[in-house]
1. Could you put THR541, THR361, THR293 in order, starting from the residue whose Cβ has the fewest other Cβ atoms within 10 Å?
2. Given a Förster distance of 25 angstrom, what is the FRET efficiency for LEU74 paired with LYS467, based on the Cβ-Cβ distance and rounded to 0.05?
3. Would you mind telling me the antiparallel percentage of the DSSP bridges in the chain, rounded to 5?
4. Using the 2.2 N^0.38 Å rule of thumb for compact globular proteins, work out how region 88-149 stacks up: its C-alpha Rg over that value, please.
5. If you average over every viewing direction, what projected area does the convex hull of the Cα atoms of region 288-389 give, in nm²?
6. Excluding TRP422 itself, what net charge comes from residues whose Cβ is under 12 Å from its Cβ, given Lys and Arg +1 and Asp and Glu -1?
7. Please provide three numbers in whole Å: the alpha-carbon extents of the chain along the principal axes, with the largest listed first.
8. Quote the FRET efficiency, to the nearest 0.05, computed for ILE51 versus THR293 with a Förster distance R0 of 41 Å and r equal to the Cβ-Cβ distance.
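Values in this text are rule-based calculations from the coordinates and carry no lab data. None of the values given here were measured: they were computed from a predicted structure. With ideal geometry, Cβ positions are generated from the backbone for all residues, glycine too; neighbour counts draw on all protein chains shown.
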Amino acid sequence: MANLNIDSIKDRTFDAIVIGSGMSGGWAAKEFTGKGLKTLMLERGRDVKHIKDYPTTNMYPWEFEHRGEMPMALQEANPIVNRCYAFHEDAAHFFVKDKEHPYVQDKPFDWIRGYQVGGKSLLWARQTQRWSDFDFEGPARDGFAVDWPIRYQDIAPWYSYVEKFAGISGNKDGLDELPDGDFLPAFPLNSVEQYFSKHVKGKYGRHVISARCAHLSKPNQIHLDQGRVQCQERILCQRGCPFGGYFSANASTIPWALKSGHLTLRPHSVVQSIIYDETKGKATGVRIVDTNTKETIEYFARIIFVNAAALNTNLVLLNSTSHRFPNGLGNDSGVLGKYVAFHNYSAHISAEYDDFKEWTTDGRNPAGGGYIPRFRNLRKQETDFLRGYASGFSAYRGQNRSWDGVGSSLKENLVKDDLGPWSVGSHMMGETIPKEASYVALDAKQKDDWGVPLLKISMDYDDNDAKMKKDYIDQLTEMFTSAGFANIKASSDHRAPGLDIHEMGGARMGNDPKTSVLNKWNQLHAVNNVFVTDGACMTSTSCQNPSLTYMALTARAVDYAVGEMNKGNI
Ligand SMILES: Cc1cc2nc3c(=O)[nH]c(=O)nc-3n(C[C@H](O)[C@H](O)[C@H](O)COP(=O)(O)OP(=O)(O)OC[C@H]3O[C@@H](n4cnc5c(N)ncnc54)[C@H](O)[C@@H]3O)c2cc1C
Ligand code: SF4
């Protein structure tokens with residue numbers, strides 16, 4: 001019996017454990033296995049195999065029972081996730097439904113999640129920009145949060161490293177505020193987007209560039225080696241792409257790691273907590289609940305990476321209590337769960353342009369059009385709010401269709417293909433400031449089916465966000481007006497935080513263990529064999545989309561962790 005137990009422990013012992021199989025966890029698994037480490041990846045949701053488990057990927061609109069729309073009953077049953085623009089009949093199976101995994105909203109928060117192998121990397125909009133020193137120096141310069149313990153030059157080589165493997169399309173635009181990467185060819189701007197780009201550069205010295213995105217516009221050998229091929233510009237990406245045209249953990253990092261023979265992928269495994277051994281002063285493993293058998297099982301490893309997505313990573317750490325860490329693993333500072341923040345996507349502006357009538361678009365642009373990098377408060381403080389916003393910009397020309405008539409006259413009106421004016425639009429992507437008052441915590445009473453306390457979320461907009469939003473609307477209205485656009489309509493949708501799906505912080509990086517949870521290598525200050533490299537680690541939020549930075553930080557942290565292990569320090 002004793003021997004059986006020893007064998008069983010041996011079977012459950014790995015070099016590295018990765019918690020979560022999404023965007024960042026996929027990178028951790030790829031990097032560990034690439035370095036020859038026997039790695040266990042634990043995922044709470046079901047397995048989703050590339051291609052095989054994309055049931056809607058090749059369906060025509062008329063093959064969907066509701067032509068792609070969500071039936072009213074499902075919309076009403078899911079008021080939170082239904083607010084996400086991608087929650088439709090073709091991809092609903094990749095989203096967590098409202099009642100499946102409850103959480104406590106101390107203040108309204110739309111928590112959009114994907115619990116499956118691949119996480120939200122299946123669903124994302126693939127926008128990928130590097131952060132710059134304007135971002136990493138932001139908190140120190142503007143006096144909020146704590147200073148980032150890294151600068152752009154620390155992460156720049158790792159951005160290149162992940163960009164080359166993932167495949168990022170873009171132009172080298174030469175902007176300090178949005179450093180260039182190792183790009184595949186960009187998806188070009190259309191004629192009106194180009195016109196607007198030229199106009200705002202000439203008049204304001206601002207930039208409208210081709211959005212940078214994780215699509216194989218022209219694959220290199222490394223992408224073909226992953227079994228991925230050129231993006232076909234179908235824009236059905238959220239269904240999962242059979243071509244592997246966009247980067248997801250399912251199409252790229254996970255199959256790569258599995259091919260190494262060093263990865264054990266265990267779906268249906270909810271990590272309850274990380275096991276801390278007081279005598280060793282280290283984490284020794286993790287405790288999971290198998291969602292099929294309800295069995296509690298322990299797995300052991302020398303290195304543990306927490307990649308459960310920002311807020312769930314906070315939950316796992318907060319729930320990992322011991323005599324040494326009564327308030328959560330590594331929480332000597334008391335800041336674990338605090339200083340969470342998000343992006344503010346709540347403002348939009350639309351208009352029409354009655355010129356360029358001899359032009360229209362042909363085909364689709366998976367990058368979504370243009371991107372206006374942050375132009376406010378870059379080199380000096382010039383407004384009454386801190387930080388700034390980036391903006392999306394796109395133009396398209398739709399048909400002048402009419403819903404008038406009945407029977408054959410209605411059909412004729414609907415298939416008319418005479419073109420209307422150009423429609424142009426922009427949305428705001430604002431940085432919000434992490435504050436001590438913004439937090440996530442364990443609910444004192446309620447637990448989920450696996451015995452884990454529910455997560456309580458408490459964050460909100462503030463005065464800085466209101467001022468920033470007004471500035472976005474004023475500036476974009478002026479830029480649209482001076483470009484000759486008409487029927488300009490600005491709107492604010494008053495959404496709760498969360499719908500941007502860029503929640504960050506709670507286990508922030510910093511130089512000082514008294515005010516931060518992680519050091520400059522994403523390693524817990526207090527437990528040197530546990531690392532956090534998803535959004536929980538972010539000291540501030542910048543206004544660029546964050547996932548590329550999570551991926552780069554992950555590859556960098558694995559490299560460091562394995563080096564330390566080889567030196568005997570871990
Ligand atoms: C519609 C949409 C559009 C988006 N667009 C963009 C974009 O354009 N650009 C961008 O940068 N980002 C975008 N994002 C956000 C992006 O998807 C996330 O930033 C990214 O996926 C986060 O990576 P992650 O590894 O932290 O988490 P995820 O990819 O969510 O993976 C986390 C995994 O951990 C698992 N897990 C959680 N808790 C546990 C537990 N206790 N035990 C075991 N497993 C657990 C989850 O099931 C999940 O599979 C978008 C997201 C959505 C939904
Ligand atoms: S646009 Fe490209 S990545 Fe998206 S589904 Fe089509 S081929 Fe795949």
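1. THR293, THR361, THR541
2. On the way: r = 38 Å, r/R0 = 1.51.
Calculated transfer efficiency: 0.10.
3. Values: 55 of 77 bridges.
So the antiparallel bridges amount to about 70 percent of the total.
4. Details: Rg = 17.2 Å, N = 62, 2.2 N^0.38 = 10.6 Å.
Against the empirical 2.2 N^0.38 Å value, I get 1.63 for region 88-149.
5. Numbers: hull surface 59.5 nm².
So the mean shadow area of the Cα hull is 14.9 nm².
6. Numbers: positive: LYS357, ARG397; negative: GLU193, GLU352, ASP354, ASP355, GLU358.
So the surrounding residues net to -3.
7. Principal-axis extents of the chain (Cα, largest first): 81, 54, 49 Å.
8. Numbers: r = 29 Å, r/R0 = 0.70.
So, using R0 = 41 Å, E works out to roughly 0.90.
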